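J.: Here you go, one structure.
The values are calculated or read from the model by the stated rules, or taken from the named source; none is laboratory data. All values reported here derive from a predicted model rather than from experimental measurement. Here the Cβ is made from the backbone with ideal geometry for all residues, glycine too, and neighbour counts use every protein chain on show.
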Amino acid sequence: MKLPILCSTLLLVAVSCGEKKPAAPKTIQQYSIEQFYKTKRIGSGMWSADEQRLLVHSDVSGIFNLHEITVADGSMKPLTQSATESFFAVDYVPGTADVLYTADKGGDENDHLYLLKPDGSSQDLTPGAKEKASFLTWSLDKKAFYYTSNVRDPRYFDVYRMVIGEWKPVLVYQNDGGYNVGSIARDGSFLELAVSITTSENQLFLYDLQKKTLTEISEAGKPGEYSGTGFSADLKSFFFTTNADKEFAYLVRYDLASGARETAFETNWDVMYSYQSENGKYQVIGINADGKNKLLIRDAAGKEVAFPSIPDGDIVAVNISPGEKWMRLTVGTSKSPNDLYVYNFETKALQRLTNSLNPEIDPEDLAAAEVVRYKSFDGLEIPAIYYKPLTATAGQKTPALVWVHGGPGGQSRVGYFAFIQYLVNHGYAVLAVNNRGSSGYGKTFYKMDDRNHGDKDLQDCIYGKKYLQSLDYIDGERIGIIGGSYGGYMTMAAMTFQPDAFKVGVDIFGVTNWLRTLKSVPPYWESFRKALYAELGDPTTADSVRLHNISPLFHASRIKNPVIVLQGANDPRVLQAESDEIVAAMKQNGVPVEYIVFPDEGHGFVKKENEMKGYGGVLTFLDKYLKNSEAVKQ
């Protein structure tokens, strides 16, 4: 897979003798990292057949486990008690008391599908040593399910069918063509396939599994992104989004019998997805509206269905029950993590099921996110999400951080992130930039960093710093840069190629050697490899010169300001060697550097204990090297 709201209390002024005077800083409580991570995260929310329960995963135990919520009273009971690996909910198994879930090993991303029995025992349904499997859908008769797996060839995902109770994989489609596999019709008639050309252009196909024929859905002469969003409930139509001939993606309905197509929905932002409820009574459309989810629900006639707005809440996802009577709503804000509600279409009653924010934390002590925009070096407008510390005033200036999202092609969006709120609560302004190349702002903006990484997009980050310096309550001499994955690369590119721009850098599993990273992408990225190389460069060709030139590792002697690096040992995307080598190079040059490696994490940290250690360590580092006045003078 945009952006915030300034706290009005900080803009109040007192009037004395006809003269405006700045307000005193707001007094807030400062919370520990432990308090922030006592907050629960909750995900999924699949309906049971009787529509009385919801299957979820939550990290209330410290890592994600499966839980079941009773709709009547909101009570939640654990179904698993893993202490080592996180378990993520897939769905209830139709006609049984069993549950499907997925898990990997220590963040290695080799996800397996597991069957959980009522007695607590589990069975690995996809036990291949290096297998990566992903659930697609239940069959129309709900006697089997379809899934993808690369067990046959680690590079490509085939499609299998597994009958409930037998639990034996049956090959449905052998992917010798190296396609990206999308959705499958519940009756097993059609399969969505795609070919990546670049990261911003692809071809979309439907494969007739009975006739063994392939039909292209994307249109010749109309290049762009084409993304399937699934089949209609009556299996007569296929829906997809595309930005062909447009800046933003719109929704198209394709008639499976005639091949006719029509625009089903279009707005001035990207349509992210669409799906129909089980019997087709409702259609849900998700829109990426300036970095926030906007949801539209329509009935079978295409008329918009009113559903409740929740004060101070953003509805980020919904799931309509099989009988189409109930809707689960996932609701969150920048100041509060996601919570689950249920809505009864018949009675119009809305019920809250969860309270995820740690009750020790007053949300009024947290910063609301604000959507801001600023001009970059060439006049291009850069969108960003901004978090202002409630204590900041012109008389009490605050240090700041430029936050860079992952990618390439990611997006910083409005939503709750405990780490950001922890930093802001401790007096750091955070500007989450959506530099050129970010998604969500049109395809022209998205393609602006192609073959230009670490150059103009880095300048967008530096001009984010200049924007912060224009605010009278920001200490312009105390601004750092922070990011994870591609954002970690941008952090190290800034510290290397613009060594005077930022006082400190926080690198969270960032790329530092593009030659290695692009050569060592996981085997299951094979269908995407050419597109990735088209955007970034092919390390086996003359592109290697440019890739060498933009890789911080080979120019580490330029780094002079303090850096902290966080890394998961099992990361399959950015190998630990990336961080090991840049840390060693900085130490050799006498640069202050701190390094935290988690032996049981991958590309992203999911265990609370690790998050508290890592992110708490980041704050200690920032307090020492960014906030401390003596450190700044050195």
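J.: If you scan the stretch 552-567, which residues turn out to be crowded, with 20+ Cβ neighbours inside 10 Å and either at pLDDT below 95 or not in a loop (DSSP other than H, G, I, E, B) (or both)?
T.: The answer is Pro552, Leu553, Ala556, Val563, Ile564, Val565, Leu566, Gln567.
J.: With (1) out of contact with any His (no Cβ under 6 Å at 6 or more places or on another chain); (2) under 25 Å from Ala367 (Cα atoms) as the list, and Gly487 as the residue in question, which single condition is left unmet?
T.: Every listed condition holds for Gly487 apart from (1).
J.: Of everything in the stretch 25-77, what is part of a loop (DSSP other than H, G, I, E, B) and over 21 Å from Asn358 (Cα atoms)? Give them in sequence order.
T.: Pro25, Lys26, Ser48, Ala49, Asp50, Glu51, Gln52, Val71, Ala72
J.: Now, a different point. Considering only the stretch 111-131, how many residues are under 26 Å from the mean Cα position of the chain (by Cα) and closer than 19 Å to Asn65 by Cα?
T.: 4
J.: Out of Asp457, Asp450, which single residue is among the charged types (D, E, K, R) and in contact with a Leu (Cβ under 9 Å, 6 or more places away or on another chain)?
T.: Of Asp457, Asp450, the one residue that is among the charged types (D, E, K, R) and in contact with a Leu (Cβ under 9 Å, 6 or more places away or on another chain) is Asp450.
For every residue, the table says whether it meets (1) in the same structural domain as Arg413 (by TED's automatic domain parsing); (2) under 22 Å from the mean Cα position of the chain (by Cα); (3) closer than 23 Å to Arg413 by Cβ.
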residue: Gly313; (1), (2), (3): no, yes, yes
residue: Asn344; (1), (2), (3): no, no, no
residue: Thr347; (1), (2), (3): no, no, no
residue: Arg373; (1), (2), (3): yes, yes, yes
residue: Gly379; (1), (2), (3): yes, no, no
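J.: Still on this structure: Residues that are buried (at least 16 other Cβ atoms within 10 Å of the Cβ), of a type in the set (Phe, Trp, Tyr) and in a loop (DSSP other than H, G, I, E, B): does the stretch 240-249 have at least one?
T.: Taking every residue of the stretch 240-249 in turn, at least one turns out to be buried (at least 16 other Cβ atoms within 10 Å of the Cβ), of a type in the set (Phe, Trp, Tyr) and in a loop (DSSP other than H, G, I, E, B).
J.: Quick one: Thr491 ticks every box in (1) over 22 Å from the mean Cα position of the chain (by Cα); (2) part of a helix (DSSP H, G or I) except a single one, so which number is it?
T.: (1) is the only condition that Thr491 fails.
J.: Now a separate question. With respect to Glu364, is the statement that it is outside any strand (DSSP E or B), more than 19 Å from the chain's Cα centre (by Cα) and closer than 25 Å to Ala49 by Cα true?
T.: no
J.: Is it the case that Gln421 is part of a loop (DSSP other than H, G, I, E, B) and either among the aromatic types (Phe, Trp, Tyr) or touching a Ser or Thr at 6+ places or on another chain (Cβ under 9 Å) (or both)?
T.: no
J.: Now for a different question. I need a count of the residues in the stretch 424-464 that are part of a helix (DSSP H, G or I) and more than 13 Å from Thr199 (Cβ to Cβ).
T.: So the answer is 13.
J.: Considering every residue within the stretch 392-411, establish whether at least one is farther than 24 Å from Gly43 by Cβ, charged (D, E, K, R) and assigned to a helix (DSSP H, G or I).
T.: Looking through the stretch 392-411, none of the residues is farther than 24 Å from Gly43 by Cβ, charged (D, E, K, R) and assigned to a helix (DSSP H, G or I).
Let's see how each residue does on (1) buried (at least 22 other Cβ atoms within 10 Å of the Cβ); (2) among the basic types (Lys, Arg); (3) out of contact with any Gly (no Cβ under 8 Å at 6 or more places or on another chain):
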residue	(1), (2), (3)
Asp270	yes, no, no
Tyr273	no, no, no
Asn288	yes, no, no
Ala301	no, no, yes
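J.: Filter the stretch 277-303 down to the residues that are among the charged types (D, E, K, R) and part of a strand (DSSP E or B), then identify the one that is farthest from Trp138 (Cα to Cα).
T.: So the residue we want is Lys292.
J.: Then there's this: Step by step: first the residues of the stretch 517-551, then only those that are among the acidic types (Asp, Glu) and in a helix (DSSP H, G or I), then the one that is modelled with the highest pLDDT. Which residue is that?
T.: Result: Asp543.
J.: Kindly indicate whether Pro169 is surrounded by fewer than 17 Cβ atoms within 10 Å (Cβ to Cβ) and over 16 Å from Pro94 (Cα atoms).
T.: Criteria not met by Pro169.
J.: While we're on this one: Can you tell me which of Gly259, Gly323, Gly228 is among the small types (Gly, Ala, Ser) and under 23 Å from Trp47 (Cβ atoms)?
T.: Answer to the selection: Gly323.
J.: Could you list, ordered by first residue, the pairs with Cβ atoms under 7 Å in which the first is in the stretch 364-382 and surrounded by fewer than 16 Cβ atoms within 10 Å (Cβ to Cβ) and the second is polar (S, T, N, Q), at least 6 apart or interchain?
T.: Phe377/Gln459
J.: Sort out which residues of the stretch 90-119 are over 19 Å from Trp47 (Cα atoms) and assigned to a loop (DSSP other than H, G, I, E, B), and write them in order of number.
T.: Within the stretch 90-119, Asp104, Lys105, Gly106, Gly107, Asp108, Glu109, Asn110, Asp111, Asp119 meet the criteria.
J.: If only one of Ile217, Ile197 is of a type in the set (A, V, I, L, M) and surrounded by 16 or more Cβ atoms within 10 Å (Cβ to Cβ), which one is it?
T.: Only one candidate qualifies: Ile217.
J.: If the requirement is being farther than 21 Å from Val402 by Cβ, modelled with pLDDT under 95 and in the same structural domain as Asp623 (by TED's automatic domain parsing), which of these qualifies: Asn589, Asn570?
T.: Asn589
J.: May I ask you to verify whether Thr354 is over 30 Å from Phe445 (Cα atoms), among the polar types (S, T, N, Q) and over 23 Å from the mean Cα position of the chain (by Cα)?
T.: Criteria not met by Thr354.
J.: Give the residue that is farthest from Glu324 (Cα to Cα), with candidates limited to residues of the stretch 55-67 that are out of contact with any His (no Cβ under 9 Å at 6 or more places or on another chain) and surrounded by 18 or more Cβ atoms within 10 Å (Cβ to Cβ).
T.: Residue satisfying both the conditions and the ranking: Ile63.
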